[in-house]
Amino acid sequence: DRLKNEGYKFEFKLKRQLTQQELYKEMVNCDIYVDELKCGAHGVTAVEAMCAGKPTLTYIRDDLVKEYPQDLPLVNTNPDTIYENLKILIVDSRLRNEIGKASREYVEKYHDTRVVVDGLIDIYKEILYLLDENNSLQLIKNSQKHLTRYMKHRNDASHTLINAITKF
């Protein structure tokens, strides 16, 4: 309300309990995505918003910031900083576009199936190495097949979020 009272023109939509398809539709049509502002770490929905090329506001706790890659493009925002961060992004379409582009690149770099599946397979191999060798080899092959299929589906779904148009 404060931003609108100061004359900033934008539409705010608070959406809850959407189906995944409804979420994707809303996400594609938004210009700025506001995620969790108190939790302290981002989740899957923030990654999906970044995949869609959206500047994404979420709160990352100070003690966790160093655990993320340095090129994390999330706009670290909490209830005390939401006003200022939104104001900057509402006014600066160039910055919105830069953050959106960096967000998409970040997701491709760190969350793409080619990156994630191989890492998960390595983790499973380490865990399964403790099992009987004959059983673990078969389990690894089955896990790899299922993980690859799952991540391909997730990646395909995320690719549907790419094309977004700024409407400010």
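Quick one: is LEU3 touching a strand residue (DSSP E or B) at 6+ places or on another chain (Cβ under 8 Å) and closer than 19 Å to ILE99 by Cβ? Judged against the criteria, LEU3 is not a match. Summed over the range 91-108, residues that are in contact (Cβ under 8 Å) with a residue 60 or more places away in the chain and in contact with a Leu (Cβ under 7 Å, 6 or more places away or on another chain) total 1. Exactly one of these conditions fails for ILE90: (1) modelled with pLDDT under 80; (2) of a type in the set (Val, Ile, Thr); (3) more than 14 Å from MET50 (Cβ to Cβ). Give me its number. Going through the list (1) modelled with pLDDT under 80; (2) of a type in the set (Val, Ile, Thr); (3) more than 14 Å from MET50 (Cβ to Cβ), ILE90 breaks only (1).
For the range 25-45, the criterion of a residue being open to solvent by less than 30 Å² (accessible area, probe 1.4 Å), of a type in the set (Gly, Ala, Ser) and closer than 21 Å to ASN97 by Cα is satisfied by no position. Listed by first and then second residue, the pairs with beta-carbon distance under 8 Å, at least 6 apart or on different chains, first residue in the range 63-87 and within 23 Å of HIS111 (Cβ to Cβ), second in a helix (DSSP H, G or I) and of a type in the set (Ser, Thr, Tyr), are PRO69/TYR106; PRO69/TYR110; ASP71/TYR106; LEU72/TYR106; PRO73/SER103; PRO73/TYR106; LEU74/SER103.
Say whether the condition of being among the hydrophobic types (A, V, I, L, M, F, W, C), open to solvent by 100 Å² or more (accessible area, probe 1.4 Å), modelled with pLDDT under 60 and more than 18 Å from the chain's Cα centre (by Cα) is met by at least one residue in the range 142-151. So far as the range 142-151 goes, no, none of its residues is among the hydrophobic types (A, V, I, L, M, F, W, C), open to solvent by 100 Å² or more (accessible area, probe 1.4 Å), modelled with pLDDT under 60 and more than 18 Å from the chain's Cα centre (by Cα).
The numbered conditions (1) surrounded by 15 or more Cβ atoms within 10 Å (Cβ to Cβ); (2) out of contact with any helix residue (DSSP H, G or I) (no Cβ under 6 Å at 6 or more places or on another chain); (3) at pLDDT below 60 are all true for ARG104 except (3).
The values are calculated or read from the model by the stated rules, or taken from the named source; none is laboratory data. Keep in mind the model is a prediction, meaning the values are calculated, not measured. Every residue, glycine as well, gets a Cβ built from its backbone with ideal geometry; the counts of neighbours run over all protein chains shown. Protein only, heavy atoms only, side chains kept; ligands, DNA and RNA dropped before computing areas. Shrake-Rupley method; radii C 1.70, N 1.55, O 1.52, S 1.80 Å.
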